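Comments concern the structure below.
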Amino acid sequence: MARLFGTDGVRGLANRELTAELALDLSIAAAHVLAELGTFAGHRPRAVVGRDPRASGEFLEAAVSAGLASAGVDVIRVGILPTPAVAHLTESLGVDLGVMLSASHNPAPDNGIKFFSRGGLKLADEVEEAIEARIGEQWDRPVGAGVGRITDLPDGEQRYVDYLLSTVPNRLDGLKVVVDEAHGAAFRVSPEALRRLGAEVVEIGVQPDGLNINDGCGSTHLDPLRAAVLEHHADAGIAHDGDADRCLAVDASGEIVDGDQIIAILALTLREHGNLAKDTVVATVMANLGFKIAMEREGVHVVETAVGDRYVLEAMRSAGLSIGGEQSGHVILLDHANTGDGVLTGLHLLARVAETGKPLGELAAVMRRLPQVLVNVKGVDKSRVHSAARISEAVSAAEAELGESGRVLLRPSGTEPMVRVMVEAESHDLAESIAHRLAGVVREELS
């Protein structure tokens, strides 16, 4: 049986792969595993349940709430809120479990279930494995006062916005900002936070109907944001994905400011204020070489991890570091949040613009993005990618050709029979040429 949990919870086509029955069973199993781990010892267990605006989130929320309550867990429904808001409320309310229903940047027909442990942290791999192993087991059901109760938290949104504002070091007066909320979970909280900090806000992607989340908008489709920034002569644009754990930006000229550039700006901001722990930042192996070159030039050490914000967080927590993230816009500011928070990231990025008086484009110029080409080689035996002699020889030849001004990364997919070939070089043409040449070798050797 294929593992249900991926790097970011359980995800699939809602009502086909991710059914109400599965959501119910996962919730019951989670309650049982956490109980046996002692999480509920000495008190009546409580859980927070939130969702993004997907239509399927309505029945999945009902199924998760029913499963937890039937297992004796009191459920606090917080409604439509970003994933990091659910993590924050899990911590601030002192509950034992948080559940977020979202498929993040995926299209509307998909959905997902993400669990947070006490403190708002993602579950450890071994806990997820234990939950999977307990699905569908026979169990002794509580009755009477033993069943959980389901209530709503009417001010969850306000609690989250108030918390966000408490972290921002200065106001945003004088800034005109376009926000694209992807018709997703931050469609109310992000514009409100910006306005309360004094920014003039132009909103797009803020009419969720349950079916239009991420549809041609948000952090995965930046053209509408770029057009709106130019049309309204804004100082910057901020884009989130469906559950608002990502943040990408656009400067006043319409140029994209990606996750690497955002991390670079915020890392140097933290260092200037004496808050960059150990003068170190965490990034994944997919971070642009230009980011690493810039950080080295500025005297900031870079720790590399596998792709996935959970691995970034693990590295940050184990070493006591303050910032890390991914090129896709997952940025973790560990002094303020235990997970990537797109709204928090956007506020701190704009605060830096307001503090310095420098345009976002000028701040982003701290690093030069090297052209990066990614080719997905599908339908191959990915297990041999690092052992095939001819592939190793081709990679070595490519690295010699690139020298110190480029790099090669071959990465097997975690979920598909596919190898990702990534090449960075001084020019796009060179990167593209080498990437397709290597992809051809991978295809020939592993097909």
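The values are calculated or read from the model by the stated rules, or taken from the named source; none is laboratory data. Note that the structure is predicted; figures quoted are calculated from it, not measured. Backbone-built Cβ (ideal geometry, glycine too); neighbour counts: all protein chains shown. Remember, those area values only see protein heavy atoms, side chains included, never the ligands or the DNA or RNA. Shrake-Rupley method; radii C 1.70, N 1.55, O 1.52, S 1.80 Å.
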**Message:** Given the condition under 18 Å from R352 (Cβ atoms) and acidic (D, E), answer yes or no: does some residue in the stretch 202-218 qualify?
**Reply:** no
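Quick grid of which residues meet (1) over 18 Å from A239 (Cβ atoms); (2) at pLDDT below 95:
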residue: G308; (1), (2): yes, yes
residue: Y311; (1), (2): yes, yes
residue: A315; (1), (2): yes, no
residue: L321; (1), (2): yes, no
residue: S328; (1), (2): no, yes
residue: L334; (1), (2): yes, no
residue: N338; (1), (2): yes, yes
residue: V343; (1), (2): no, no
**Request:** Evaluate the following for G67: is it over 17 Å from L153 (Cβ atoms), part of a loop (DSSP other than H, G, I, E, B) and over 20 Å from the mean Cα position of the chain (by Cα)?
**Result:** no
**Message:** Out of the residues in the stretch 182-211 meeting the condition of being in contact with a helix residue (DSSP H, G or I) (Cβ under 7 Å, 6 or more places away or on another chain), farther than 18 Å from H348 by Cβ and charged (D, E, K, R), tell me which one is surrounded by the fewest Cβ atoms within 10 Å (Cβ to Cβ).
**Reply:** R188
**Request:** Give the residues of the stretch 235-257 that are buried (at least 24 other Cβ atoms within 10 Å of the Cβ) and either farther than 23 Å from A85 by Cβ or without any contact (Cβ under 8 Å) to a residue 60 or more places away in the chain (or both), sorted by residue number.
**Result:** V250, V257
**Segments classed as helices (runs of 4 or more DSSP H), wholly inside the stretch 187-275, with at least 2 members that are farther than 30 Å from H301 by Cβ and over 23 Å from the mean Cα position of the chain (by Cα)** = 189-196, 223-231
**Prompt:** Out of the stretch 84-106, which residues are touching a Ser or Thr at 6+ places or on another chain (Cβ under 7 Å) and open to solvent by 20 Å² or more (accessible area, probe 1.4 Å)?
**Reply:** H105
**Tabulated pairs, the stretch 374-399, first within 13 Å of R420 (Cβ to Cβ), second exposed (fewer than 11 other Cβ atoms within 10 Å of the Cβ) and modelled with pLDDT under 95, C-beta under 7 angstrom, 6+ apart or interchain** = V380/S447
**Single match in E314, E326 (criterion: under 25 Å from L89 (Cβ atoms), acidic (D, E) and surrounded by 19 or more Cβ atoms within 10 Å (Cβ to Cβ))** = E326
**Asked** Quick one: which of P154, P109, P169 is under 25 Å from the mean Cα position of the chain (by Cα), surrounded by fewer than 18 Cβ atoms within 10 Å (Cβ to Cβ) and farther than 15 Å from V10 by Cα?
**Response** P169
**Item:** Of all residues making up the stretch 291-306, the number that are modelled with pLDDT of 95 or more, surrounded by fewer than 17 Cβ atoms within 10 Å (Cβ to Cβ) and in a loop (DSSP other than H, G, I, E, B)
**Value:** 2
**Prompt:** Is it the case that the stretch 25-33 has a residue that's open to solvent by 70 Å² or more (accessible area, probe 1.4 Å) and of a type outside the set (D, E, K, R)?
**Reply:** no
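Yes/no per residue for (1) modelled with pLDDT under 95; (2) within 23 Å of T284 (Cβ to Cβ); (3) basic (K, R):
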residue: D381; (1), (2), (3): yes, no, no
residue: V385; (1), (2), (3): yes, yes, no
residue: I391; (1), (2), (3): no, yes, no
residue: A394; (1), (2), (3): no, no, no
residue: A398; (1), (2), (3): no, yes, no
residue: S405; (1), (2), (3): yes, yes, no
residue: P412; (1), (2), (3): yes, yes, no
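Could you please find all residues in the stretch 40-83 being of a type in the set (S, T, Y) and open to solvent by 30 Å² or more (accessible area, probe 1.4 Å)?
S70, the sole residue that qualifies.
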**Prompt:** Looking at (1) within 22 Å of the chain's Cα centre (by Cα); (2) modelled with pLDDT of 95 or more; (3) under 22 Å from L333 (Cβ atoms), which is the one condition that is false for M286?
**Reply:** (2)
**Message:** in contact with a Leu (Cβ under 6 Å, 6 or more places away or on another chain) and not charged (D, E, K, R): which single residue out of A108, A71, A124 fits that description?
**Reply:** A108
